[in-house]
Amino acid sequence: MHAYGSQAMSTSLLRVLMRRPGASLKAAKAAEWHYGPTFDAERAIAQHAHFADLVAQSGAEILWLEDEGDGMADAMFTHDPSLMTDQGAVILRMGKRLRLGEPDLHAKVYEDAGIPILGRITAPGSVEGGDCVWVDDKTLAVGRGVRTNQAGIEQLSAILAPLGVTVLGYDLPLWLGEEACLHLMSVISPLTETMALVHAPLMPAAFYLLLKERGYTLIHAPEADFAASNGLNLNVLPTAPGKVLMVDGFPATKAAMEAHGCTVTTFEADALCIACEGGPTCLTRPVLRRAL
Ligand SMILES: NC(=O)NCCC[C@H](N)C(=O)O
């Protein structure tokens, strides 16, 4: 079996790139990184360790990056600096200035692991992984917003065209402003190949309609949970179809997924996810997903 490859969001997670937060997170100033009032680096590190245990227990092999003090506090959100395809990785370029160094970390991991790199997004283009959603294995939806721009979408489209992949760009709203993190994945988490948890009011309308046309079942996450969690109730990681990891404390969202047959495991993440604006999908870059 190949040790890489994924053009899906919810098939079984077999291999994943993660970065263990450490010295850089401890040194991070919340105001500079736009972290919220519940930020506490020591607790975030402990919560990340528990989350990583759950990922490992799901059966996924974790490729680890270590945080030894390079100053890249957000690099624990490994979903964003690269994208995986069935043919290899694409190295992205971050829209958040403080994160510009991260794609090189991913390029090195892939080179060391013998995973081909298909291309790289270059200035003035920017694309973050959190803005990319595989609708099916030949259709990639990309949110155009504060983090991902039109130049980036055009570059990504050219890199993926030889794979027969169509890239569709959708405008995101500004919502809480330029400094905040609103990715396309902030308003949708695929749960199976045809079911997703969504926050419809912030979804690009044309994207919402595309999913309905494709026969997706859209589960509307309770709006009170979305507001209370800074949107992190919605950011759930499938480790297999219908089997997800989610941030603890939002039972109504959990119940909505369970009512659709999902198995949901929660972990405490107030200091990690809610404070740092990134959930379980953001903390993981799937390297290998397969339908088993
Ligand atoms: N895919 C994601 O939604 N990633 C979350 C990234 C959070 C990080 N603090 C950021 O602002 O980029």
Scanning region 213-227 residue by residue, those more than 18 Å from the chain's Cα centre (by Cα) and either within 24 Å of residue 290 (Cα to Cα) or surrounded by 15 or more Cβ atoms within 10 Å (Cβ to Cβ) (or both) turn out to be 214, 215, 216, 217, 218, 219, 222, 225
Taking region 14-40 as the region of interest, how many residues are touching a Gly at 6+ places or on another chain (Cβ under 9 Å) and without any contact (Cβ under 8 Å) to a residue 40 or more places away in the chain? 1
Any idea which residue in region 83-95 is surrounded by the most Cβ atoms within 10 Å (Cβ to Cβ), counting only those that are more than 12 Å from the ligand (Cβ to nearest atom) and in a strand (DSSP E or B)? 89
Filter region 218-240 for residues that are away from the ligand (no atom under 16 Å from the Cβ) and either touching a Cys at 6+ places or on another chain (Cβ under 9 Å) or under 21 Å from residue 208 (Cβ atoms) (or both) and give the result. 218, 219, 220, 222, 223, 224, 225, 227
Given the criterion within 16 Å of the ligand (Cβ to nearest atom) and within 19 Å of residue 289 (Cα to Cα), identify the matching residue among 109, 198, 133. 133
Given region 4-74, what helices (runs of 4 or more DSSP H) lie entirely inside it while holding 3 or more residues that are more than 19 Å from residue 284 (Cα to Cα)? 23-27, 30-33
Considering only region 152-163, I want to know if a residue exists there that is under 15 Å from residue 94 (Cα atoms), within 16 Å of the ligand (Cβ to nearest atom), in contact with a helix residue (DSSP H, G or I) (Cβ under 6 Å, 6 or more places away or on another chain) and of a type outside the set (Val, Ile, Thr). no
Condition met for residue 212 (of a type in the set (Lys, Arg), away from the ligand (no atom under 16 Å from the Cβ) and more than 24 Å from residue 92 (Cα to Cα)): yes
Scanning region 35-48 residue by residue, those crowded, with 16+ Cβ neighbours inside 10 Å and at pLDDT 95 or above turn out to be 35, 39, 40, 41, 43, 44, 45, 47, 48
Check every one of the strands (runs of 3 or more DSSP E) wholly within region 185-292 and list those with 3 or more residues that are farther than 20 Å from residue 134 by Cβ and at pLDDT 95 or above. 263-267
Selection over region 246-269 where residues are farther than 21 Å from residue 56 by Cβ and crowded, with 17+ Cβ neighbours inside 10 Å yields a count of 6
Selection count where residues are of a type in the set (Asp, Glu) and in contact (Cβ under 8 Å) with a residue 40 or more places away in the chain, scope region 88-132: 2
Select from region 136-151 the residues that are within 16 Å of the ligand (Cβ to nearest atom) and among the polar types (S, T, N, Q) and write down the one among them that is surrounded by the most Cβ atoms within 10 Å (Cβ to Cβ). 148
For region 1-24, which residues satisfy the criterion of being at pLDDT below 95 and of a type outside the set (A, V, I, L, M, F, W, C)? 2
Of the numbered conditions (1) crowded, with 22+ Cβ neighbours inside 10 Å; (2) touching a Phe, Trp or Tyr at 6+ places or on another chain (Cβ under 8 Å); (3) in a helix (DSSP H, G or I), residue 98 fails exactly one; give the number of that condition. (1)
I need the strands (runs of 3 or more DSSP E) fully contained in region 127-177, keeping only those with at least 1 residues that are over 20 Å from residue 282 (Cβ atoms) and charged (D, E, K, R). 132-136, 166-171
Cβ-Cβ under 6 Å, sequence separation 6+ or interchain: first residue in region 264-280 and at positive phi, partner among the hydrophobic types (A, V, I, L, M, F, W, C) and not in a strand (DSSP E or B). Which pairs? 277/181
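The values are calculated or read from the model by the stated rules, or taken from the named source; none is laboratory data. Just so you know, these numbers come straight off a predicted model, no measurement behind them. Cβ coordinates were reconstructed from backbone atoms using ideal geometry, including for glycine residues, and neighbour counts include every protein chain displayed.
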